[in-house]
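Student: Quick one: this structure, given as structure tokens, is what I'll be asking you about.
The values are calculated or read from the model by the stated rules, or taken from the named source; none is laboratory data. Please read all numbers here as calculations on a predicted model, not as lab measurements. Cβ placement follows ideal geometry from the backbone for every residue including glycine, while neighbour counts extend to all protein chains displayed.
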Amino acid sequence: MARKIIIDTDPGQDDAVAILLALASPELELLGITCVAGNVPLELTAKNARIVCELAGRPETRVFAGCDRPLRRKLVTAEHVHGKTGLDGIALPDPTMPLQDQHAVDFLIETLRAEPSGTVTLCPIAPLTNIATAFERAPDIIPRIQEIVLMGGAYFEVGNITPTAEFNIYVDPEAAKIVFGAGVPLTVMPLDVTHKALTTRARVEAFRYLPGRVGPAVASWTDFFERFDKEKYGSDGAPLHDPCTIAYLLKPELFKGRDINVEIETVSDLTLGMSVADWWRVTDRPANARFIGDVDADGFFALLLDRIARL
């Protein structure tokens, strides 16, 4: 039986690849895609998610627009990385599939109440505003979640939007604090692991030469956003952050981590949005997350290439 998932997202080129990986994987049943403001404003993230679904030939996928701003802060976006549309890199047509009328938060609540308890996994690859809002409005859904597998945070890699904070957590730290404190089984893909999943030239070219439209689109997106990270980090490629969450559901053996306590900083101006990860277990705070620190990058990209080739 396929594992039921909901992807919460702010596409974003790497978000787009995560969506494609899920749509290409029969082991997963994508119940819906919920969109939130993050990499670009909500209007664009909801549009981009539908563009990706149509690129994959899956226009029946339900896409919901959610929160257009963080819980208590002004929205910070990342056009400097992803371009003004969020999906810069290749010209794709505007979507014709509809955006669902229901608000993403209402969809999350309704779905988690309707599906058998413990059968739905949430995959947030964006600021956690939608998820936290659903938790605040309907705390009864929290124990019904099978697992949350999210992309966000950092420890050894510190920050990518500030010296101490990863973007998804920084945009809405109050939302992240709610989610990390909810008691749901939680697996975290921080920068520590995603920075080991680098889009080297050989890996990008392998996508480019796949038949059909999807592989070349992935290569084009990667060409665009890796320019920023290669200059920033001096690396041979760019981290492909968000697909790590979906790959973990498909092949958890590709990843290594440990169960630790992770707290989110919401007060300090200097370290706002920092994920304070007790990697060395030097406190007595109980573990609340499986914090991933390593990935078999060759295995990860082999999986990604195999699945993208199916679309």
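Student: Being surrounded by fewer than 24 Cβ atoms within 10 Å (Cβ to Cβ) and not in a loop (DSSP other than H, G, I, E, B): is that true of Val76 here?
Tutor: It is false that Val76 is surrounded by fewer than 24 Cβ atoms within 10 Å (Cβ to Cβ) and not in a loop (DSSP other than H, G, I, E, B).
Student: Taking into account only those residues within the range 252-271 that are over 20 Å from the mean Cα position of the chain (by Cα) and among the aliphatic types (A, V, I, L, M), which is surrounded by the fewest Cβ atoms within 10 Å (Cβ to Cβ)?
Tutor: Here the answer is Val267.
Student: Sticking with this structure for a sec: How about the range 1-31: which of its residues are among the small types (Gly, Ala, Ser), touching a helix residue (DSSP H, G or I) at 6+ places or on another chain (Cβ under 6 Å) and either surrounded by fewer than 24 Cβ atoms within 10 Å (Cβ to Cβ) or in a loop (DSSP other than H, G, I, E, B) (or both)?
Tutor: Hits for the range 1-31 are Gly12, Ala24, Ser25.
Student: Against the condition of a type outside the set (D, E, K, R), under 21 Å from His241 (Cβ atoms) and outside any loop (DSSP other than H, G, I, E, B), how does Asn48 come out, does it pass?
Tutor: In short, yes.
Student: Restricting to the range 54-87, count the residues that are touching a Phe, Trp or Tyr at 6+ places or on another chain (Cβ under 9 Å), at pLDDT 95 or above and not aliphatic (A, V, I, L, M).
Tutor: Counting residues in the range 54-87 that are touching a Phe, Trp or Tyr at 6+ places or on another chain (Cβ under 9 Å), at pLDDT 95 or above and not aliphatic (A, V, I, L, M) gives 3.
Student: Cβ-Cβ under 9 Å, sequence separation 6+ or interchain: first residue in the range 47-66 and farther than 15 Å from Ile6 by Cβ and among the small types (Gly, Ala, Ser), partner outside any loop (DSSP other than H, G, I, E, B) and at pLDDT 95 or above. Which pairs?
Tutor: Ala56/Ile19; Ala56/Leu20; Ala56/Leu23; Ala56/Val214; Gly57/Leu23; Gly57/Val214
Student: Aromatic (Phe, Trp, Tyr), under 18 Å from Val262 (Cβ atoms) and surrounded by fewer than 23 Cβ atoms within 10 Å (Cβ to Cβ): does that describe Tyr209?
Tutor: For Tyr209, the condition - aromatic (Phe, Trp, Tyr), under 18 Å from Val262 (Cβ atoms) and surrounded by fewer than 23 Cβ atoms within 10 Å (Cβ to Cβ) - is not met.
Student: Here is a follow-up. So, in the range 273-290, exactly how many residues are surrounded by fewer than 18 Cβ atoms within 10 Å (Cβ to Cβ) and within 15 Å of Ala165 (Cα to Cα)?
Tutor: Result for the range 273-290: 1.
Student: Would you be able to say whether some residue in the range 157-171 is touching a residue at least 60 places away in the same chain (Cβ under 8 Å) and charged (D, E, K, R)?
Tutor: For the range 157-171, residues touching a residue at least 60 places away in the same chain (Cβ under 8 Å) and charged (D, E, K, R): present.
Student: Checking Val36 against (1) in contact with a Pro (Cβ under 9 Å, 6 or more places away or on another chain); (2) more than 17 Å from Ala175 (Cβ to Cβ); (3) not hydroxyl-bearing (Ser, Thr, Tyr), which test does it fail?
Tutor: (2)
Student: Still on this structure, please answer the following. Can you tell me how many residues in the range 263-311 are β-branched (Val, Ile, Thr) and in a helix (DSSP H, G or I)?
Tutor: 1
Student: State all residues of the range 291-311 that are surrounded by fewer than 18 Cβ atoms within 10 Å (Cβ to Cβ), among the hydrophobic types (A, V, I, L, M, F, W, C) and in contact with a helix residue (DSSP H, G or I) (Cβ under 7 Å, 6 or more places away or on another chain); if no residue qualifies, say none.
Tutor: Leu305, Ala309
Student: What is the residue count in the range 150-190 for residues that are in a strand (DSSP E or B) and either modelled with pLDDT under 95 or crowded, with 24+ Cβ neighbours inside 10 Å (or both)?
Tutor: 4
Student: With (1) in a loop (DSSP other than H, G, I, E, B); (2) modelled with pLDDT under 95 as the list, and Leu99 as the residue in question, which single condition is left unmet?
Tutor: (2)
Student: Taking the stated definitions as given, is Pro143 part of a helix (DSSP H, G or I), over 21 Å from Val262 (Cβ atoms) and either in contact with a helix residue (DSSP H, G or I) (Cβ under 6 Å, 6 or more places away or on another chain) or modelled with pLDDT of 95 or more (or both)?
Tutor: No: the conditions fail for Pro143.
Student: Still on this structure, I have one more. Out of the range 93-118, which residues are in contact with a helix residue (DSSP H, G or I) (Cβ under 9 Å, 6 or more places away or on another chain) and loosely packed, with under 10 Cβ neighbours inside 10 Å?
Tutor: Pro93, Asp94, Thr96, Pro116, listed by residue number.
Student: Follow-up question, since we're still on this one. Looking at Glu110 and the list (1) of a type outside the set (Val, Ile, Thr); (2) in contact (Cβ under 8 Å) with a residue 40 or more places away in the chain; (3) assigned to a helix (DSSP H, G or I), which single condition is not satisfied?
Tutor: (2)
Student: Within the set of pairs 6+ apart or on separate chains, which have a first residue in the range 1-18 that is more than 20 Å from Ile51 (Cα to Cα), a second that is polar (S, T, N, Q) and not in a helix (DSSP H, G or I), and C-beta atoms under 7 Å apart?
Tutor: Going by the 7 Å Cβ cut-off, the qualifying pairs are Arg3/Thr121; Lys4/Thr119; Lys4/Thr121.
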